[in-house]
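One structure is given below, encoded as structure tokens.
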Amino acid sequence: GTPVTVSADPLPTVQIDGVVWSQVVVGNTVYATGDFRNARPAGAAPGTQLVPRAYLLAYDVRTGVLISSFAPTLNAQGRVLAASPDGTRVYVGGDFSTVNGQARSRIAAFDTATGALVSTFKPTANGVVKALHVSGPTVYLGGSLTSVSGVATPYAAAVRASDGGVLPWRPSPDGSVQAMTLTFDKSKLVLGGSFRNVGGQPAYGMAAVDPTSGAVLPWAATEVIRDAGPNSAILSLSADAQGVYGSGYVYGDGGNLEGAFRVDSTTGQVIWIEDCHGDTVSTYVTPNVVYAVGHPHYCGNIGGFPQTNPWTMHHSLAFSKQPTGVITPDTLGYHSFAGQPRPTLLDWFPDWHGAGSYTHQGQAGWNVTGNGQYVVVGGEFTSVNTYSTQQGLVRFAIPSIAPNKVGPVSNDGLTPSATSFVPGRVRVAWLSTFDRDNEELTYKVFRNVVSLNDTPVFQVTQRSTFWVRTPLAFTDTNVTPGTRYTYRVYAFDRFGNLASRGAPSVTVSTPTTVNRYAGAVSADSPTWYYRLGETSGTQVTDVAGGDHAVASAGVTRGAAGALLNDSDRASTFPGTSTGFAASQFQRPAPATVSVEAWIKTTTTTGGKIVGFGKGSSGDSTRYDRHLYMDDAGRVLFGAYPGVARTVASTRSYNDGAWHQVVGTLGVGGMTLYVDGALVASRTDTTTSRVFDGFWRIGGDNLSGWPNRPTSRFFAGAIDEVSIYPAVLPADRVLAHYVASGR
């Protein structure tokens, strides 16, 4: 089954007034170091209830409360922490030169039982210590240092834990070491950083070396993962019995991975890569889940969230420990890891606030670790989810001990549309929502609800995420024609948390009030159906699936509609950049599709009527599956299977009359209908470009398309836009036209 993550509930935790770079957990104690001067209790406002803590503190992972007995004073920031295997010591490395007023050059050790500085351990490093690993009697350190205690040790060294004496271990990388870990069998020490060579041998950002001699050992990972040089590096490494885990960053040239990875401890062969884009600075491994912090903004190549414009950062992610699929080809210009194994992106998405508040680097968490029951994140965030102040440190717990109060997100998609286009039937449609730590939600629909103890008229369980939200609907037949009913949808997670929005009412159709056109459209199961009949406001209701569109300022509502037997109105579009409407939820482009709309115009500058585009605002960078009009008033339908291809009418339709236009794409090719009649077709185009996007009504990019009009925005009235996941046959296109009364 799907691995279970910790809850997304942020637990009250001691706060700091700067940034936490590193943490280590020993038993129930979390040690944290970074660039901060004070601690304060959970929830306390900045500058209040301050307790001095100079660059290093400890707290109880079970309560989040500061441990008062551990209060060392460093004179500069700490960068990294590590614990001895037996938990009796904690080591800190960083920029400092004194601890508790005693000389300690960038590395020091503390007794975990007493909190005292270890007096016998005082090697002196001449550069910043950024990486530490402790193995029995040996302490390995790395960073920008080039000597320890006067002995030349370029970028990496080993010292005795007993007295800090320098050991004859010289892997000699040619650049900074940012991370290190010992494999589970202790046969290899793996280094990560910005170096390109180790011991004079190629080792691009990562190398396995002998823990005793420092000799370079075979490590296949760098054949695939290439992060080194001034603009990229491997930033974190850890290991367990199943492999070695790490993460990297790229900013410019020289690297190819911004996500995390798991490789074989013996060979270094890649077990999986998570090809999310946005630097990943730290990972924490549990028996079934790998947690990561960074600022990912795109996980589309592993089946995760798409990249938005502007970018949306997701500062913490969780992945299955096991590989579950393969990476798809990159489409955004990043390095392509296509075909490499990947894990599953799990549903764990705490909402971080104040990213970059201290370093201005746009980062929320800089370190993630834990102890089996808790996952702890340290960084420079100022709050998590919608909770009160929680700066720099936070805890998350496994569900069995967590509050489990984070529930489904209430959003516009949960507001159902209730329509009655057939006598004695009501169709209730909405868009699934999402939960930050539960992918599976249960939806209950109530009619004329008085209490949640009432029996719902419909119930369904659906998996969804914030980027994959499924249209849901049901038809209520237990209603009386001519009677008015109110419907409300509630989403529940497995802990009973709920969300709901809106409660629309509808009068059930009778044989004398039935809407023939809307009934004909609904009978063909559209995925989207925008009637555009609102008389005011900016919402364009999707009566098919709840993916409501938003109209921009230039769109005028309440114009006379296209249907002769219906009082429903239409919307007028001005032919300018302020005149379009766009769906709000990014969805995969349908492979097979029919696009239908009614138009009325006298324009001589053309414009897009309806189309699928990459963006919900501005000019889309990808755009196809569209109906548009050229300057002469001819209607075209276009698809892009690597080249722009269209079917076009021979006559013009900018005559000021209402016209039905329908374009279809499927295995039989492309077709174009106007007013119920086939006007053009071709059989050589059966597919179009694959991307995630939005439906745009009234305007979007048309650059590069045949018969490109002067304006990409349509000037005229548009009504009854419907999009189907199938090719409408000719008889159904005609049936829709006839049902309009024209």
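Details
- Only a single criterion out of (1) in contact (Cβ under 8 Å) with a residue 40 or more places away in the chain; (2) surrounded by fewer than 24 Cβ atoms within 10 Å (Cβ to Cβ); (3) not small (Gly, Ala, Ser) is not satisfied by ILE225, namely (2).
- Residue list for region 335-344, filter: out of contact with any Phe, Trp or Tyr (no Cβ under 6 Å at 6 or more places or on another chain) and either in a strand (DSSP E or B) or open to solvent by less than 60 Å² (accessible area, probe 1.4 Å) (or both): SER336, PHE337, ALA338, GLY339, GLN340, THR344
- Among residues of region 380-397 being small (Gly, Ala, Ser) and on the phi < 0 side of the Ramachandran plot, the one that is most open to solvent (accessible area, probe 1.4 Å) is SER388.
- Within region 398-411, the set of residues being part of a loop (DSSP other than H, G, I, E, B), open to solvent by 50 Å² or more (accessible area, probe 1.4 Å) and among the polar types (S, T, N, Q) comprises SER410 only.
- Per the listing GLY554, GLY561, GLY545, the residue uniquely in contact (Cβ under 8 Å) with a residue 24 or more places away in the chain, within 23 Å of PRO408 (Cβ to Cβ) and assigned to a loop (DSSP other than H, G, I, E, B) is GLY545.
- Given (1) over 16 Å from ASN367 (Cβ atoms); (2) of a type in the set (D, E, K, R); (3) buried (at least 24 other Cβ atoms within 10 Å of the Cβ), number of the condition ARG40 does not satisfy: (3)
- All positions within region 491-522 that are aliphatic (A, V, I, L, M), farther than 16 Å from LEU563 by Cβ and outside any strand (DSSP E or B): ALA503, VAL508
- Cβ-Cβ under 6 Å pairs, at least 6 apart or on other chains, region 383-408 side over 18 Å from GLY362 (Cα atoms) and at pLDDT 95 or above, far side open to solvent by 10 Å² or more (accessible area, probe 1.4 Å) and in a strand (DSSP E or B): ARG395/LEU11; ARG395/TYR374; ALA397/TYR374
- Filter result for GLY676 (farther than 30 Å from ASN301 by Cα, out of contact with any Asp or Glu (no Cβ under 9 Å at 6 or more places or on another chain), at pLDDT 95 or above and open to solvent by less than 40 Å² (accessible area, probe 1.4 Å)): yes
- Inside region 35-54, residues that are in contact with a Lys or Arg (Cβ under 8 Å, 6 or more places away or on another chain) and at positive phi make up a count of 1.
- Residue count, region 292-303 (criterion: closer than 17 Å to GLY693 by Cβ and either touching a residue at least 60 places away in the same chain (Cβ under 8 Å) or surrounded by fewer than 15 Cβ atoms within 10 Å (Cβ to Cβ) (or both)): 1
- Residue tally, condition in contact with a helix residue (DSSP H, G or I) (Cβ under 7 Å, 6 or more places away or on another chain), open to solvent by 30 Å² or more (accessible area, probe 1.4 Å) and closer than 16 Å to LEU182 by Cα, over region 238-271: 1
- Check on LEU141, surrounded by fewer than 21 Cβ atoms within 10 Å (Cβ to Cβ) and not small (Gly, Ala, Ser): no
- Picking from residues in region 43-85 that are among the charged types (D, E, K, R) and not in a strand (DSSP E or B), the one that is farthest from the chain's Cα centre (by Cα) is ARG53.
- Being open to solvent by less than 10 Å² (accessible area, probe 1.4 Å), under 18 Å from THR382 (Cβ atoms), within 32 Å of the chain's Cα centre (by Cα) and of a type outside the set (A, V, I, L, M, F, W, C) is true of GLY34.
- Flag if SER703 is at pLDDT 95 or above, open to solvent by 30 Å² or more (accessible area, probe 1.4 Å) and hydroxyl-bearing (Ser, Thr, Tyr): yes
- Pairing each residue of region 714-733 that is open to solvent by 30 Å² or more (accessible area, probe 1.4 Å) with any residue that is assigned to a strand (DSSP E or B), provided the two are 6+ apart or on different chains, yields C-beta distances under 6 Å for VAL727/SER594; VAL727/THR664; VAL727/GLY666.
- Residue list for region 679-700, restricted to those being open to solvent by 20 Å² or more (accessible area, probe 1.4 Å) and among the polar types (S, T, N, Q): SER681, THR683, THR686, THR687
- In this structure, PRO526 qualifies as within 30 Å of the chain's Cα centre (by Cα), part of a loop (DSSP other than H, G, I, E, B) and not hydrophobic (A, V, I, L, M, F, W, C).
Table: residues versus (1) in a loop (DSSP other than H, G, I, E, B); (2) crowded, with 20+ Cβ neighbours inside 10 Å.
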| residue | (1), (2) |
| --- | --- |
| ILE273 | no, yes |
| VAL281 | no, yes |
| PHE305 | yes, yes |
| PRO323 | yes, no |
| PRO329 | yes, no |
| GLN361 | yes, no |
| VAL368 | no, yes |
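- A single entry from ALA260, ALA233, ALA215, ALA228 fulfils the requirement of being in contact with an Asp or Glu (Cβ under 6 Å, 6 or more places away or on another chain), of a type in the set (A, V, I, L, M) and more than 18 Å from TYR291 (Cβ to Cβ): ALA233.
The values are calculated or read from the model by the stated rules, or taken from the named source; none is laboratory data. Because the structure is predicted, anything quoted here is derived from the model rather than measured. Here the Cβ is made from the backbone with ideal geometry for all residues, glycine too, and neighbour counts use every protein chain on show. Ligands, DNA and RNA are stripped out before the accessible areas are found, and what is left, the full protein with its side chains, is counted by its heavy atoms. Shrake-Rupley method; radii C 1.70, N 1.55, O 1.52, S 1.80 Å.
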